[in-house]
1. Using the beta-carbon distance between residue 74 and residue 24 and R0 = 30 Å, what value does 1/(1 + (r/R0)^6) give for FRET efficiency, to the nearest 0.05?
2. When the chain is fully extended, how far beyond the present Cα-Cα distance does residue 91 get from residue 58, taking 0.36 nm per residue of separation?
3. Just order 47-59, 97-109 by mean Cβ neighbour count inside 10 Å, highest at the front, would you?
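What follows is calculated from the coordinates using simple rules that are stated; it is not laboratory data. Everything numeric in this text was worked out from a predicted model, so none of it was measured. A quick note on method: Cβ atoms are made from the backbone with ideal geometry, for glycine too, and the neighbour counts reach across all protein chains shown.
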Amino acid sequence: MRNARLILTLLLLALPTRALPQAQWTPFSDSKGQFKVLLPGKPAQTNDSPATFTLGTSSGIYVISYTDGHEGADWAQAVNSERDVTVQGLNAKVLGENETSLDGYRGKAVRFECNLAAGPVTGPATGQMRIYFNGHRFYMLIGLAPKTAKPEAIAKFLDSFQLLPASKPH
């Protein structure tokens, strides 16, 4: 799982992402991942393992990723490991974090800053990451924006994330 997240982080920085003009926010859902979220454009699936969807615009980068097969994992250890690998891969500095939840499932929200060398957003950036674990699947959302940008778009993206009913264990 650690290597997969490191690959995710490297993909975020290295893959060319379309720079799109200001777009209207529209819902995006993935039936296999059993989630839906609002985005300012249509993301591209940039990886299969872990399943990763990425959208880059001149005002932000949005990433949704999920992995299965984590039954019985220690929540704190697994979530902190995911956070650490991503922060390390972005060479980021954590500004703050807190526990959160989604549909009763525990999560972690992390705010960070980094310096992006390539991609649709370059230079000093601020980011937010949310990691959720619903008992069998980890979901990770990352939003990055130029440090000078207002954080409303990233908050809109993160706050719109929803699990579809089939993703919830019975």
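1. Step by step, r from the Cβ atoms, then E = 0.15.
2. Numbers: separation 33, 0.36 × 33 = 11.88 nm, distance 2.09 nm.
That works out to 9.8 nm of additional length.
3. Averaged packing, sorted descending, gives the order 47-59, 97-109.
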